[in-house]
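Structure record follows, encoded as structure tokens.
Values in this text are rule-based calculations from the coordinates and carry no lab data. Remember, predicted model here, so these are calculated numbers, not experimental data. Backbone-built Cβ (ideal geometry, glycine too); neighbour counts: all protein chains shown.
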Amino acid sequence: METFDKFWNYTLFTISGGGQINVSQVIATVLFILIALLLGRFLMRLLAQYMTRRKVDPNVVQIISMIFFWGLLILIFMTALAMLKIPITHLAFITGAIAVGVGFGSQNVINNLISGWILMSEKPVRIDDIVELDQHLGRVERVGNRSTRIRRIDGVHVLVPNSQLLERVVVNWTLLDRNFRSFVRVGVEYGSPVRRVEQLMHKAAVSHKNILSEPAPVVVFEDFGDNSLVFDLFFWCEMTPGTELRLIRSDIRFMIEELFRESGIVVAFPQRDVHLDVSGPIEVRMDK
């Protein structure tokens, strides 16, 4: 027992001003930090679940959780110093040196951390937004301290550093509203009834459940092409996590093809006229 008491009260080092730090203080401080972190994570999870049940905006939940997390870290740090009986003024020089070293060694980490706070405060990219970055199209699931997690439309998760979302061009499909415009292009052969083509293409658009009635679909006679009369069907849809634009355009093409076939309208294909300039008759023969 005497040996244990000697170890328990053994002085590890002495700080300026006569203060001593022994083994018991260090062990108690480490245990306090571990318990406080575990308890803090549990309380933060409970807080997030409570706000989610109250239907609070997910972006607000994320900001409040981050504030709670960093406030908890500061409180734990100050309490640990008090348990070790270390005045905060004694850490001025040490923290200054550490700050300089950390600043040079972790510029990217700090940049992404600050960028994360900017994203959560200005909200150019929010949770559940549909964004496109470097050909990655998906839904934002989480804006973290260092990176933002995006779930692509094919189910793959992409982790994007927060600074990239501020420094690069990001297409946010749902920043102000969820409506977007797309189009389908069709070419029909010369001599087709153009007004009938317009009616059938418009009918295909208005009959699709995912196409909005306001703004209404519009058919534009785009051009007299080399091999066809070119028509564009413009329509508006609402972008949701389950919206698959390629499937909508595919449905429209299926319906247009069926309507054209019923009306005898032919979708054009490339054609070439060949002219032979010969001095005499030529023999034409077909072999079976």
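If R₀ is 30 angstrom, what is the calculated FRET efficiency for the pair Val267 and Ile153, using the beta carbon separation as r and rounding to 0.05?
0.55
Which trypsin sites (Lys or Arg not before Pro) in the range 191-243 pass both tests, a DSSP loop state and at most 10 other beta-carbon atoms within 10 Å?
When the trypsin sites (Lys or Arg not before Pro) of the range 191-243 are filtered for loop state and at most 10 Cβ neighbours within 10 Å, Lys209 remain.
How much of the pair distance distribution for the range 179-263 lies past 22 Å, counting alpha-carbon pairs only, in percent?
Considering the range 179-263, 23 percent of its Cα-Cα pairs are separated by more than 22 Å.
Cut-off under 17 Å on the C-alpha distance; same-chain residues fewer than 8 positions from Lys203 excluded. Which aspartates and glutamates are left, in chain and number order?
Result set, ordered by chain and number: Glu214, Asp232, Asp251, Glu257, Glu258, Glu262.
Want the number for Lys55 to Asn145: 0.36 nm per residue separation, take away the alpha-carbon distance, what's left?
30.1 nm
Viscosity 1.002 mPa s, temperature 20 °C: give me the Stokes-Einstein translational D for the range 173-212 in µm²/s, with Rh taken as the Kirkwood radius over C-alpha pairs.
The estimated diffusion coefficient comes to 171 µm²/s.
Using only the alpha carbons, work out the radius of gyration and Dmax of the range 124-172 in angstrom.
Looking at the range 124-172, its Cα Rg and Dmax stand at 9.4, 26 Å.
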